[in-house]
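Structure first, commentary second.
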Amino acid sequence: MRRERFDEMPVVRRVEDFDRGSGSWLERLVFNHRLAVVVAAALLTAALGAMAASRSVVNADFVKMMPARHPFVRAYLETAPELRGLGNSLRVAVEATRGDVYDPEYLEALRRITDELVLMPGSDRPWVKSIWMPSVRWTEVTEEGFRGGPVMPDDYDGSPAAVAALRRNVVRAGVVGSLVASDARSAVVFVPLHDRDPVTGAGIDYPALSRRLEDLRERFEGAPGARVRLHVVGFAKLVAELLAGIRAVMAWFAVAAAIAAGALLAYTRCLRSTALVVLCSATAVVWQVGIVTALGIPLDPFSVLVPFLVFALGVSHGAQKMNGIMQDVGRGTHRLVAARYT
């Protein structure tokens, strides 16, 4: 659009000959007070950059990561209070490296793992499921009526009789294939998670949750004579792994910026112009992250791609503006007037 008026723009060789009162009020505010605008922008960039570096949070919200307008999701959200344990959750599969799940040493390890997962911050404790949890029960119909009890016998002591009773209860409870593997080589601890901390109201700290799970894995798999191997799946673990890869994403951002700067330098053949475009584009990214941080909005694993887009758009438009300025300067217009034209 700017180049269509190429012949209409007068060549002003001296900045003193330009009418400083021309243009809109915003144009006059910016270009008639260049130093003040640059200083204000630099101070604002420093403040937002410090805020982004010290207070920015990368996290995720289970509900916000779902397609909220889908009918199934809307139905779930409307009935979520009555569907406790069916939302954000973890499944920790505890594999027996020797023998099966009915080995007393394995069962003791599974009990300790279940206890730690129940007490883990963020877990919805009443809805945790494991063959060690009293809420997991077996039921059968007899000629006298219903009969049942917890899968794990109340008097379990690790004896062969207690293990045999546990084996019968697992079959009667119908948890083979869900909490106990079909080949009896592993058992699952199902851990529903609160969407928000009941005390603080803050969202789940997924990196901290992942570190706790990895510490649990290291202690039980690395113990002398360890008989178990842990496998963790679920939204929380997936998000934690994505967040752990943020540093690699930022490294690729630096590579992309270097490639863009190289291409721009080859196009303009002017180091100062290239540095100016790249600096302004990077400033836009700093402002974006700083403002989001100031508003208290955490970045999620997918929104970290937005700075790439902002930087790319900044470089693209900056190159176009710089091209217009250089054309006007080539016609003999003073560089400050050329910047105002563009």
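The values are calculated or read from the model by the stated rules, or taken from the named source; none is laboratory data. Everything quoted here is computed from the prediction, not taken from an experiment. Here Cβ is always computed from backbone atoms with ideal geometry, including for glycine, and neighbour counts include all displayed protein chains. Heavy atoms of the whole protein, side chains included, go into the accessibility calculation; ligands, DNA and RNA do not. Shrake-Rupley method; radii C 1.70, N 1.55, O 1.52, S 1.80 Å.
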| note | Calc'd 3J(HN,Hα), segment 184-193, phi into Karplus 6.51 cos²θ - 1.76 cosθ + 1.60 (θ = phi - 60°), Hz, glycine/Pro = x, comes to 6, 9, 7, 9, 10, 10, 8, 10, x, 10
| message | When a/c reaches 1.5 or more, the comparison of a/b and b/c decides; with that in mind, is segment 110-168 rounded, prolate or oblate per its Cα gyration tensor? | response | oblate
| remark: In nm², the average projected area of the convex hull spanned by the Cα atoms of segment 233-284 is 4.5 nm²
| query | Between Val337, Ala53, Ala256, whose Cα lies farthest towards the positive end of the dipole of the chain when Lys and Arg beta carbons carry +1 and Asp and Glu beta carbons carry -1, centred on the Cα centre? | reply | Val337
| task | Which order do the peptides 326-339, 250-263, 181-194 take when ranked by the mean count of other beta-carbon atoms within 10 Å per residue, highest first? | result | 181-194, 326-339, 250-263
| request: Pull out the extension gain between Ser182 and Arg34, defined as 0.36 nm times the separation in residues minus the alpha carbon to alpha carbon distance; nm, one decimal. | output: 45.9 nm
| request: Can you figure out the FRET efficiency of Leu44 with Asp300, using R₀ = 25 Å and their beta-carbon distance, to the nearest 0.05? | output: 0.50
| message | For Leu90, what residues show an amide H to amide H distance below 5 Å, using hydrogens built from the backbone and excluding near sequence neighbours? | response | Val191, Leu193
| field | Potential lengthening between Ile291 and Met250 on full extension [0.36 nm per residue; Cα-Cα distance subtracted] | value | 12.9 nm
| request: Name the helices (complete DSSP H segments) of the chain with a Cα length along the long axis of 15 Å or more and a Kyte-Doolittle mean of at least 0.0, or state none. | output: 34-55, 160-173, 246-268, 271-294, 306-330
| task | Search the structure for amide H atoms under 5 Å from the amide H of Met66, placed 1.01 Å from N in the peptide plane, and list their residues when 5 or more places away or on another chain. | result | none
| request: On the protein heavy atoms, probe 1.4 angstrom, tell me the percent of accessible surface of the chain carried by carbon and sulfur. | output: 62 percent
| Shape category assigned to segment 94-194 from the gyration tensor of Cα positions, a/c cut at 1.5 | oblate
| remark: Computed from the beta carbon distance with a Förster radius of 56 Å, FRET efficiency for Ala161 and Leu279 to the nearest 0.05 stands at 0.15
| request: In nm, give the distance between the simple-model label positions of Lys321 and His231, each being 7 Å from the Cα along the Cα-to-Cβ direction. | output: 5.4 nm
| request: Send over a whole-number figure in Å² for the accessible area per residue of segment 138-226, probe 1.4 Å. | output: 58 Å²
| query | Which distance in Å, rounded to a whole number, links the C-alpha centroids of segment 142-180 and segment 80-122? | reply | 17 Å
| Calculated FRET efficiency for the pair Glu221/Asp100, C-beta based, R₀ 22 Å, to 0.05 | 0.75
| note | Sorted on mean Cβ neighbours within 10 Å (highest first), peptides 265-274, 102-111 come out as 102-111, 265-274
| Cα gyration tensor category, rounded, prolate or oblate, for the chain with a/c compared to 1.5 | prolate
| request: Keeping all protein chains in place, calculate the accessible area per residue for segment 255-342 (probe 1.4 angstrom), answer in Å². | output: 54 Å²
